[in-house]
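What follows is calculated from the coordinates using simple rules that are stated; it is not laboratory data. None of these values were measured; they are calculated from a predicted model. Because the Cβ atoms are built from the backbone with ideal geometry, glycine has one as well, and the counts that use them run over all protein chains shown.
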């Protein structure tokens, strides 16, 4: 990232950081107290610094995406455990093996979206995924095959992992806070596509729907891939019959089974504008 472009007469923080790292080695300079606060990882990781870390985690991807020129995204949520079609033999369950075709559907959908993005200069309609394996990998792969860029919003998990190889490196981010990560998923969203998945996918789907339902976010095109899967997992009609959601809320999303259907739903979606902040 470049320095803030504004002109001021003060020394740049980078200059002092570099000089401080070259100071003579003495008991005083080795002491943690002597480190510059912004260049002290142990200090930044202290419990009291959580508000600062939240702000940093919001700012870093925001600034880097702005510098890259990203203006809008298409969000792709989906399960990390869904295998590619040639990996079904390693699937943990027969049902996961049956869901493997959604890898190709996600890849096709991301490719079609990215073709639109490339035509506009690769800054609008950019695919964003969680940056992991499964459906997320398929989305980033489809974007790469279309010659465009894609974003990966990874998160540190207890088990060792790495972002998939198809995320654009300059747009590959890592998070500590789930909440800030979810904000970045939705801040630029033109459309949301949800593929079969587990707890993480369900969490992302329901939080997004809640934001739209409560008017905290514009009613962007919202497609659920796999009508049979979603109607088996969630009894949508029972929610409406019970009155825990209104029947109008069932119009916040559409079921699709192919990339072609999803593209048509997005094209036909009525335009709405979010309220001014």
| message | Order these by the 10 Å Cβ neighbour count, fewest first: 172, 123. | response | 123, 172
| field | For the range 160-240: span of alpha carbons on each principal axis (Å, largest first) | value | 43, 27, 21
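Hey, what does the equivalent ellipsoid look like for the range 182-226, semi-axes from the Cα gyration tensor as sqrt of 5 times each eigenvalue, largest first, whole Å?
Working from the Cα gyration tensor, I get semi-axes of 16, 11, 10 Å.
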| Which FRET efficiency value, to the nearest 0.05, do you get for residue 90 and residue 118 by plugging their Cβ-Cβ distance into 1/(1 + (r/R0)^6) with R0 = 22 Å? | 0.10
| said: For a quick check: sort 216, 111, 188 by the number of other beta carbons within 10 angstrom, fewest at the front. | reply: 216, 188, 111
| note | Most packed first (mean Cβ within 10 Å per residue), the peptides 233-242, 138-147 order as 138-147, 233-242
| note | Here the tail fraction of P(r) beyond 25 Å, over all Cα-Cα pairs of the range 1-160, rounds in percent to 53 percent
| Build a GNM of the chain with springs between Cα atoms under 10 Å: which of 23, 93, 244 gets the top mean-square fluctuation? | 23
| query | Does anyone have the angle between helix 259-268 and the longest principal axis of the chain? Alpha-carbon axes, 0 to 90°, nearest 10? | reply | 80 degrees
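So what is the relative contact order for the chain, in percent, with contacts set as C-alpha pairs under 8 Å and at least six apart?
Numbers: 424 pairs, mean separation 45.1, N = 277.
Here the relative contact order equals 16 percent.
In nm, what is the difference between 0.36 nm times the number of residues separating residue 34 and residue 159 and their Cα-Cα distance?
Numbers: separation 125, 0.36 × 125 = 45.00 nm, distance 3.47 nm.
Extra length available between residue 34 and residue 159 comes to 41.5 nm.
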| Folded to 0 to 90 degrees: helix 50-68 orientation relative to the chain principal axis, Cα | 70 degrees
| message | Nearest 10 degrees is fine. How inclined is helix 135-145 to the longest principal axis of the chain, computing both from alpha carbons? | response | 80 degrees
| C-alpha center-to-center spacing [the range 210-229, the range 31-46] in angstrom | 43 Å
